[in-house]
Amino acid sequence: MSAASEARLFLLGWNFRVAESAVRDRVAFNPEEVREGLSRIVGQGLASETVIVSTCHRSEIYGLAESAESGDGLREFLAQWRGLAVAEIASTGFWREGPEAARHLFRVAAGLDSMALGESEVLGQVRQALSLARETGSTRSVLHRLFEAAVASGKRVRSETEIGMHPLSVASIGLELASKVFGELSGKTLLVLGAGDTGGLFARQAVDAGVKDLLIANRTRKRAEDLVARIGGTVVAWENATEALGKADVVVGTTASPEPVVRRVDVERVMQERRGRPMFFLDLAVPADIDAGIRDIYNTFVYAINDLEQVAEENRRRRAREVPRAEAILEEELQKFLAWFGNLSVVPTVLDLKKRFEQIRDAELARLPAGDRERFQKIADSIVAKALHEPMRRLKSEEDPRRKLDRVEAIRHLFDLDGK
Amino acid sequence: MEAHLLGWLAVLSYAAAEALAITSLRRPKTLPVVAGTVCLAAGLLLHFADLQVRARQLGSVPYRTLEGSVSLFGWMLAIAYLALQLRHREHAIGPFLIPIVIVSSSIGLLLPAHVSPATEQTRGALFALHVTFAILAYAAFTFSFVLSLLYLIQNRQIRKGHTGVLFARLPALAVIGRMNRTSVTIGLSVLTFAVAMGLVRAQELWGTLADPKIAFALVTLAVYALLLWLDRRGWEGARVAVLSIVGFCMVIFSYTVVNLAFHTAHQFR
């Protein structure tokens with residue numbers, strides 16, 4: 001009987017696909033609750049190791065269980081802790097075991113299981129989950145290795161496929177296009193017309209993307225001032241917005257105005273003043289804020305909300321096309337992890353250890369003159385057999401599966417049996 | 001034979017650099033990028049050795065012959081790209097530029113070799129500088145041509161909202177535009193110098209400046225000067241890129257058709 005078959009990976013989870021948000025809210029944990037949960041799961045012996053991944057779209061409890069009943073125990077524990085019926089937990093959550101649990105984590109880390117396919121935030125959240133578990137002392141070798149492997153594979157997927165390359169949100173598409181016109185956006189001036197929700201969101205994202213010179217104009221000055229107080233920038237009086245056009249490289253329209261706020265004549269004049277240097281317009285307003293005729297002026301780049309949404313749609317398809325390649329990478333990395341995990345049992349470890357000693361014996365014997373070899377062979381065989389006898393016996397007879405796993409892991413590491 | 005061997009080894013190195021450049025464009029990883037730079041540098045050294053051998057055979061600078069000048073042109077283009085790579089870490093241009101290096105180096109090897117002694121016309125420091133600078137200018141304009149193509153490609157990607165691999169790897173329009181301006185400025189300055197020396201020499205040797213090649217060189221100068229002027233007066237962007245492509249077509253015309261078809265005193269011999 002090997003340790004791997006005794007210690008089994010499991011996953012109990014809820015995500016945006018399978019659980020109604022009412023249930024998900026109950027099983028969502030803040031960092032404090034994650035710490036508490038981790039300690040209690042290990043403390044009550046429901047798992048020998050555990051990590052909880054809790055984000056706005058998912059709550060997933062990964063663990064290494066010593067008995068087949070630990071799933072029921074975990075559900076009961078959760079039901080009691082979160083004030084839910086056991087049946088409710090069982091019917092809304094999903095359960096994975098063994099390689100399936102590991103595969104799920106790999107997919108999550110690579111963003112393949114995210115609402116916005118290929119998003120990168122989740123990679124940080126998986127890493128964060130591991131470090132919380134480490135702080136709490138609820139991980140040992142197996143989940144530690146599993147999570148590190150998942151993070152590394154997620155990174156590999158990001159660098160080797162285009163899954164994270166094509167932006168999906170209208171604002172990030174706009175900023176990405178602008179940065180391919182101007183290069184660095186940090187030295188450019190951005191004028192946001194309208195300080196409502198859209199304007200505020202866009203301005204925030206622009207600041208995050210490195211924009212330093214931010215001008216905000218709103219019909220009600222107070223709102224622009226509030227926004228500037230929150231994210232920085234300069235308020236421009238609404239009457240002076242046309243004048244501010246002359247300073248801006250990027251102009252974003254987000255007002256509720258029924259007519260275009262940026263007129264063609266003004267842009268023609270401004271373009272002459274700036275000697276044809278490119279200008280970039282994003283129209284996030286419906287009806288449009290930017291006069292459609294501006295597109296025809298040389299060296300202007302004009303995007304309406306429809307254009308950007310089309311790009312977003314196309315980018316979603318591009319990302320989806322990358323899924324098979326991403327999965328192939330994950331599968332390759334998963335097999336490496338599973339091979340390591342599979343070796344974490346007594347029989348292969350004993351065999352590997354024996355082989356390692358025999359290699360040393362053979363290498364030493366090969367250095368002897370041919371005549372002496374046979375004479376020493378017997379002594380060498382006997383040394384190897386005796387040196388290995390006791391450790392092997394103890395390893396095989398260990399009763400506590402958790403200790404057995406730790407020892408197997410220690411031997412594999414100390415004797416470099418996984419060939420690093 | 002020896003000359004050909006070195007030359008072809010150089011072409012082989014360039015080809016390897018191109019393959020690695022394409023690989024790096026698709027998936028930028030450190031190893032292929034560095035290996036590509038090493039291959040390019042190796043190609044340059046081999047190519048230089050080849051030019052040396054040619055020079056020894058001719059007993060003069062190797063570029064008074066057509067094959068030698070084409071070869072030197074490829075070499076200068078490669079060295080300019082290597083400098084750009086080392087200075088600006090700009091790798092996206094390689095896949096588009098190195099093929100021109102490969103083609104021109106190969107043409108330099110495939111054309112029948114002329115091993116005639118230098119004449120009065122093709123001797124002296126003034127002549128050597130004139131030709132070297134002219135070829136250097138051609139290399140700079142070729143650089144500008146490739147950058148202009150890339151500008152138009154990137155411009156199209158941006159306008160269509162195609163955020164794919166090319167979009168991600170090619171530099172921003174402003175960056176390509178800046179590099180283009182530098183190339184044209186270098187090309188224009190160097191060509192002006194080359195033409196000035198050529199004019200002095202032509203007046204000395206022939207007593208006349210009525211020569212199709214001279215006329216073409218002057219028109220080329222005018223086109224590129226106009227380009228730089230318009231670049232600052234509202235034409236920055238796609239229009240300048242198109243104009244640079246037009247200028248390059250004239251350079252090619254002047255280098256090939258004018259040299260070969262018009263019976264001018266400017267033929268390589």
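The values are calculated or read from the model by the stated rules, or taken from the named source; none is laboratory data. This structure is a prediction, so every number in the text was calculated from the model and none was measured. Reconstructed Cβ throughout: ideal geometry from the backbone, glycine too, with neighbour counts over all protein chains shown.
Side notes on the structure shown:
- Scanning segment A:216-246 for residues that are of a type in the set (D, E, K, R) and closer than 15 Å to A:Arg263 by Cβ returns A:Glu239, A:Glu243.
- Output for segment A:297-317, where each listed residue is at the interface with another protein chain (Cβ under 7 Å from one of its Cβ atoms), surrounded by 20 or more Cβ atoms within 10 Å (Cβ to Cβ) and in a helix (DSSP H, G or I): A:Val311, A:Asn315
- Hits in segment A:272-288 (condition: assigned to a strand (DSSP E or B), away from chain B (no Cβ under 11 Å) and in contact (Cβ under 8 Å) with a residue 40 or more places away in the chain): A:Leu282
- Candidate set from segment A:136-167 (those that are outside any helix (DSSP H, G or I) and within 10 Å of chain B (Cβ to nearest Cβ)); member that is surrounded by the most Cβ atoms within 10 Å (Cβ to Cβ): A:His166
- Unique residue being out of contact with any strand residue (DSSP E or B) (no Cβ under 6 Å at 6 or more places or on another chain), among the charged types (D, E, K, R), part of a helix (DSSP H, G or I) and loosely packed, with under 12 Cβ neighbours inside 10 Å when the list is A:Lys386, A:Lys354: A:Lys386
- Out of A:Thr234, A:Thr198, A:Thr242, A:Thr189, one residue alone is assigned by TED's automatic domain parsing to the domain that holds A:Met279, β-branched (Val, Ile, Thr) and either surrounded by fewer than 16 Cβ atoms within 10 Å (Cβ to Cβ) or free of Cβ contacts under 8 Å to residues at least 24 places away in the same chain (or both). It is A:Thr234.
- Conditions (1) assigned to a helix (DSSP H, G or I); (2) within 14 Å of another protein chain (Cβ to nearest Cβ); (3) within 30 Å of B:Ile102 (Cβ to Cβ); (4) not acidic (Asp, Glu): number failed by B:Ser144: (2)
- Among residues of segment B:201-215 that are under 19 Å from B:Leu129 (Cα atoms), those with a Cβ under 7 angstrom from a residue that is not in a helix (DSSP H, G or I), sequence gap 6+ or separate chain, pair up as B:Ala202/B:Leu209; B:Ala202/B:Asp211; B:Gln203/B:Leu209; B:Leu205/B:Gln121; B:Trp206/B:Ala265; B:Lys213/B:Thr264; B:Lys213/B:His266.
- Of residues in segment A:69-113 being hydroxyl-bearing (Ser, Thr, Tyr) and surrounded by fewer than 20 Cβ atoms within 10 Å (Cβ to Cβ), the one farthest from A:Ala328 (Cα to Cα): A:Ser91
Quick grid of which residues meet (1) within 25 Å of B:Phe167 (Cβ to Cβ); (2) modelled with pLDDT under 90; (3) out of contact with any helix residue (DSSP H, G or I) (no Cβ under 7 Å at 6 or more places or on another chain):
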residue	(1), (2), (3)
A:Ala178	yes, no, yes
A:Val181	yes, no, no
A:Ser186	yes, no, yes
A:Ala217	no, no, no
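- Top-ranked residue of segment A:111-128 - restricted to ones that are in a helix (DSSP H, G or I) and within 19 Å of A:Arg156 (Cβ to Cβ), ranked as modelled with the lowest pLDDT: A:Glu121
- Selection within segment B:220-245 - surrounded by fewer than 13 Cβ atoms within 10 Å (Cβ to Cβ) and closer than 19 Å to B:Val190 by Cα: B:Ala222, B:Trp229
- Among (1) buried (at least 20 other Cβ atoms within 10 Å of the Cβ); (2) within 14 Å of chain A (Cβ to nearest Cβ), the one test that B:Val190 misses: (2)
- Some residue of segment B:149-159 being touching a residue at least 60 places away in the same chain (Cβ under 8 Å), touching an Asp or Glu at 6+ places or on another chain (Cβ under 9 Å) and away from every other protein chain (no Cβ under 14 Å): no
- Options A:Glu333, A:Glu322; residue that is within 14 Å of chain B (Cβ to nearest Cβ), in contact with a Ser or Thr (Cβ under 8 Å, 6 or more places away or on another chain) and surrounded by 18 or more Cβ atoms within 10 Å (Cβ to Cβ): A:Glu322
- Lone qualifier among A:Glu32, A:Glu66, A:Glu20 - being modelled with pLDDT under 90 and loosely packed, with under 15 Cβ neighbours inside 10 Å: A:Glu20
- Residues that are assigned by TED's automatic domain parsing to the domain that holds A:Leu330 and closer than 20 Å to A:Ser131 by Cα number at least 1 in the following strands (runs of 3 or more DSSP E) confined to segment A:47-102: A:49-55, A:58-65.
- Residue match in segment A:365-375 (condition: at pLDDT 85 or above, under 42 Å from the mean Cα position of the chain (by Cα) and either surrounded by 11 or more Cβ atoms within 10 Å (Cβ to Cβ) or aromatic (Phe, Trp, Tyr) (or both)): no
- Test: residue in segment B:176-185 that is within 24 Å of B:Leu126 (Cα to Cα) and of a type in the set (A, V, I, L, M): yes
- Among residues of segment A:246-271, those that are under 21 Å from B:Gly177 (Cβ atoms) and within 14 Å of chain B (Cβ to nearest Cβ), counted: 5
- Residue within segment B:92-107 that is at pLDDT below 85 and either surrounded by 15 or more Cβ atoms within 10 Å (Cβ to Cβ) or part of a helix (DSSP H, G or I) (or both) present: no
- Count of residues meeting criterion [at pLDDT 80 or above, more than 30 Å from the chain's Cα centre (by Cα) and surrounded by 12 or more Cβ atoms within 10 Å (Cβ to Cβ)] in segment A:395-420: 7
- The lone exception for B:Tyr255 - which of (1) more than 14 Å from chain A (Cβ to nearest Cβ); (2) under 16 Å from B:Val146 (Cα atoms) it fails: (2)
- Hits in segment A:172-193 - residues which are in a loop (DSSP other than H, G, I, E, B) and within 9 Å of chain B (Cβ to nearest Cβ): A:Gly183, A:Glu184
- Of note, B:Leu25 satisfies the criterion of being farther than 26 Å from B:Leu110 by Cα and buried (at least 20 other Cβ atoms within 10 Å of the Cβ).
- Some residue of segment A:16-38 being among the polar types (S, T, N, Q), without any contact (Cβ under 8 Å) to a residue 60 or more places away in the chain and in contact with a helix residue (DSSP H, G or I) (Cβ under 8 Å, 6 or more places away or on another chain): no
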